[in-house]
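Take a look at the structure below.
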Amino acid sequence: TPNSWESRADSYSLYGFTDLPSIHERGAVIVTHGKGPYVYDVHGRSYLDGNSGLWNMVAGFDHPGLAEAAKAQYDRFPGYHAFFGRMSDQTVMLSEKLVEVSPFDRGRVFYTNSGSEANDTMVKMLWFLAGAEGHPQRRKIITRINSYHGVTAVSASMTGKPYNSVFGLPLPGFIHVGCPHYWRFGKDGESEAQFTERMARELEATIITEGPDTIAGFFAEPVMGAGGVIPPSAGYFQAVQKVLKKYGIPLIADEVICGFGRTGNTWGCQTYDFVPDAIISSKNITAGYFPMGAVILGPDLADRLQDASEAIEEFPHGFTASGHPVGCAVALKAIDVVMNEGLAENVRTLTPHFEAGLARLAENPNIGEWRGKGLMGALEAVKDKATKTPFDGKLSVSERIANTCTDHGLICRPLGQAIVLCPPFICTKDHLDEMFDKLEKALKKVFAEVA
Ligand code: PLP
């Protein structure tokens, strides 16, 4: 109908990352409010959000404490910046908290409004250090194929997805090495340990070919998120960090999804037992209740950035809303809620149930693999399980499965040929069962149609 919310959305707004044929087939969903892990559309229909919004609404959609923290701070002091030696008291407290909960014994924090900007900021810090420390050629950034680091010109260049070619990206000097997905990229007869060794060897070969002194940093998500939930092969970060250390290249953990509990620990790097040189955070840092990103520098980079800034007199970078007091107040509350009110604990409690549900659905002959860590998981749709052959066709099978789930009141996300689940931390076992039951019905329906 011409005046429906859906058609008004289609007429006046632009969606991000939207497969328009798929949306035209099924129609948009315009949401008005939420309760726990559910969102409600303009027609009053409810949807269990199996993706926590965009991985971030970990405390659900109606957490009273978070809204109260925002309201109290709006009443107290509604906005300020962090330029020219000024910042709000909330910003001071949040930086202390972030360093305290980080894997670093010392550190410093710089704020942005998003994860993309936090990655941009980190790259600019590395470029700034290169110039200030007398290595102006040290500008190249290494990331991995299938990684996702954001959408600004720099963070999209870091992102290892072919879709950015429509923008003429990546920019020069952004290099992508292999994706540590053993099931998909392991060679015939290659063990997982051999695969990991090959990933490290290929990284070293790239560093040598490019010139070790031209490389500013290596960025990696502990578990790749938007690449389709890809946990690293066993021992990956230990093998990679050994190579990076040999050439003095910083390892930056992009913890935008993994940070604050998603993989069962505060940080994904703790789950995989490595200490990076810096952490990129966003999303869960405010449980999605305020846009915020943060660069958390470990001791070495923090000291070097401070020295370089003093030598040059300033670090000429920052956003109007960097360290916004309302965002900082919300983040302080969100960190408390996730870490001290049982949400991170609930991730650990629910993980076996979540994994069992994924494993059960993976018995379907058209699911090639289930994978995941903590409360992030994926099921990979395949035409042929034995040969791992993907489905073909314009409207991908995963897209059709997600559309069918939406019809049945479940939001889940198609990423490549995978269906991704990333439920809020406040979920119960019953919520997970509802999610898996709805997904199972959709899998059966769509696979019967395409078989
Ligand atoms: N890094 C990772 C690992 C992400 O998953 C995302 C977003 O999904 C980003 C960076 C970009 O964050 P934003 O969308 O807030 O710019």
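Bear in mind these aren't lab numbers, they're just calculated from the coordinates by the rules spelled out. Small disclaimer: the values here were computed from a predicted structure and weren't measured. All Cβ positions, glycine included, derive from the backbone under ideal geometry; neighbour counts span all protein chains shown.
So here's what we get for this one:
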| quantity | calculated |
| --- | --- |
| Sites matching trypsin sites (Lys or Arg not before Pro) across the stretch 156-205 that sit in DSSP coil, with at most 15 neighbouring C-beta atoms within 10 Å | LYS187 |
| J(HN,Hα) series, the stretch 89-96, from Karplus relation 6.51 cos²θ - 1.76 cosθ + 1.60, nearest Hz, glycine and proline x | 4, 4, 5, 4, 5, 5, 4, 4 |
| C-alpha center-to-center spacing [the stretch 189-247, the stretch 130-169] in angstrom | 16 Å |
| Phi-based couplings in Hz for the stretch 208-216 (Karplus 6.51, -1.76, 1.60; Gly and Pro marked x) | 5, 4, 6, x, x, 7, 9, 9, 8 |
| Flagged links, alpha-carbon separation over 31 Å, of LYS35/LYS388; LYS383/LYS438; LYS388/LYS445 | LYS35/LYS388 |
| Sequence-distant aspartates and glutamates (8 or more away, or on other chains) whose Cα lies within less than 19 Å of LYS441 | ASP49, GLU355, GLU363, GLU369, GLU380, GLU399, ASP407, ASP430, ASP433, GLU449 |
| Burial order of peptide ranges 40-50, 286-296, 3-13 (average beta-carbon count within 10 Å, highest first) | 286-296, 40-50, 3-13 |
| Amide proton proximity set for ILE367, modelled H, under 5 Å, gap of 5+ | VAL382 |
| Mean ellipticity per residue at 222 nm, deg cm²/dmol - from DSSP H runs of n ≥ 4 across the chain, formula -39500 (n - 2.57) | -13000 deg cm²/dmol |
| Gain upon complete extension [ASN340, GLU363; 0.36 nm per residue less C-alpha separation] | 4.6 nm |
| In sequence order, calculated HN-Hα J values of the stretch 71-83 (Karplus, 6.51, -1.76, 1.60; Hz; x Gly/Pro) | 4, 4, 6, 4, 5, 6, 6, x, x, 6, 10, 9, 9 |
| Positive-end residue, the chain charge dipole about Cα centroid, Cβ charges, pick of GLY131, VAL450, GLY115 | VAL450 |
| Set of lysines with alpha-carbon distance to LYS373 below 20 Å, sequence-local pairs under 8 removed | LYS283, LYS429 |
